[in-house]
1. Mind listing whichever residues of the stretch 205-236 are modelled with pLDDT of 85 or more and open to solvent by less than 80 Å² (accessible area, probe 1.4 Å)?
2. I'm told residue 122 meets every condition in (1) open to solvent by 70 Å² or more (accessible area, probe 1.4 Å); (2) outside any helix (DSSP H, G or I); (3) at pLDDT below 90; (4) not polar (S, T, N, Q) except one. Can you identify the failing condition by its number?
3. Answer yes or no: is there a residue in the stretch 39-54 that is hydroxyl-bearing (Ser, Thr, Tyr), at pLDDT 90 or above, under 15 Å from residue 128 (Cβ atoms) and in a loop (DSSP other than H, G, I, E, B).
4. I'm checking my understanding of the structure. Among residues of the stretch 142-170 that are out of contact with any Pro (no Cβ under 6 Å at 6 or more places or on another chain) and of a type in the set (Val, Ile, Thr), which one is least open to solvent (accessible area, probe 1.4 Å)?
5. Tell me, which residue of the stretch 125-141 that is buried (at least 16 other Cβ atoms within 10 Å of the Cβ) and either at pLDDT 90 or above or part of a loop (DSSP other than H, G, I, E, B) (or both) is farthest from the chain's Cα centre (by Cα)?
6. Across the stretch 75-93, what is the number of residues that are outside any helix (DSSP H, G or I) and touching a residue at least 24 places away in the same chain (Cβ under 8 Å)?
7. Tell me which residues, restricted to the stretch 25-63, are open to solvent by less than 70 Å² (accessible area, probe 1.4 Å) and on the phi > 0 side of the Ramachandran plot.
8. Tally the residues that are open to solvent by 60 Å² or more (accessible area, probe 1.4 Å) and over 25 Å from residue 211 (Cα atoms), restricting the search to the stretch 106-119.
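The values are calculated or read from the model by the stated rules, or taken from the named source; none is laboratory data. Everything numeric here is computed off the predicted structure, so don't read it as measured data. Note that each Cβ is placed from the backbone with ideal geometry, even for glycine, and that neighbours are counted across all protein chains shown. Protein only, heavy atoms only, side chains kept; ligands, DNA and RNA dropped before computing areas. Shrake-Rupley method; radii C 1.70, N 1.55, O 1.52, S 1.80 Å.
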Amino acid sequence: MPQRVRRPPQERPATGADQEPPLTLAPREGRDQAMLEASLAVITLFLRERTSDFSVKELAAHAGLSERTFYRYFPRKEDAIRPAVDASLARIVSDMRAVPRGKTLREAMVEALSRSLTEENAMNWENLLSVLNETDSLRAVWLQILTNAEIALAHAAAERLGLSPDSQRARLTGAVLVTAGRLALEQPSSAGRKRDPGEVLAEYLDLLGPTLFEEPAGERGPKRRSQPRRSRQGRG
């Protein structure tokens, strides 16, 4: 009886400097552009009706697709939010990268978030987030998108701070920026008035102190050599 040959397990690609980070603003063509347009149509419907309680047939019809094409684009109906939300977050990352290097990482993130909320056709995050938290399936997709955003922001932060994107500091910075940004977008109304999310983000980041968002100073000046400890037996 011939023996079955085991295939070696495929290695998962590392998210290091040699790998393209997620959430990039690469030009979209063909299928990718069609998926983005369908995703925008689905999210527009969710925002208009303030719910995601639609069948695939209804979503496909609203997006101008057949059900078969819809399933080719999106294995689950919850996946339909991904291209449009990815594109919005990719714009924030791109805007942060475009902020002049003379500004701190903290200032760059606050400026990028504020700009994304004032651009034409900006995502209505306040209403969208309530829909994204409507079901466990949508929350799972949203959390995966946020994980990709952490990686993308870790790369962007690493560029500004002169770090490896795989370093603990860069990864922590990416996670902190995503969490603070999400909380700023999810802020509850205060006295019936919503505050500017960029202003709230700045306050959250100020609570963390400046050290995380400044270029490391470990390479400044000559390194001090530690003096060898003298043993007690060698003392006179």
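1. Initial filter on the stretch 205-236 (modelled with pLDDT of 85 or more): 205-208.
Answer for the stretch 205-236, where residues must be modelled with pLDDT of 85 or more and open to solvent by less than 80 Å² (accessible area, probe 1.4 Å): just 205.
2. Going through the list (1) open to solvent by 70 Å² or more (accessible area, probe 1.4 Å); (2) outside any helix (DSSP H, G or I); (3) at pLDDT below 90; (4) not polar (S, T, N, Q), residue 122 breaks only (1).
3. Yes.
4. Selected residue: 145.
5. 131
6. Count: 1.
7. The answer is 30, and nothing else.
8. 2
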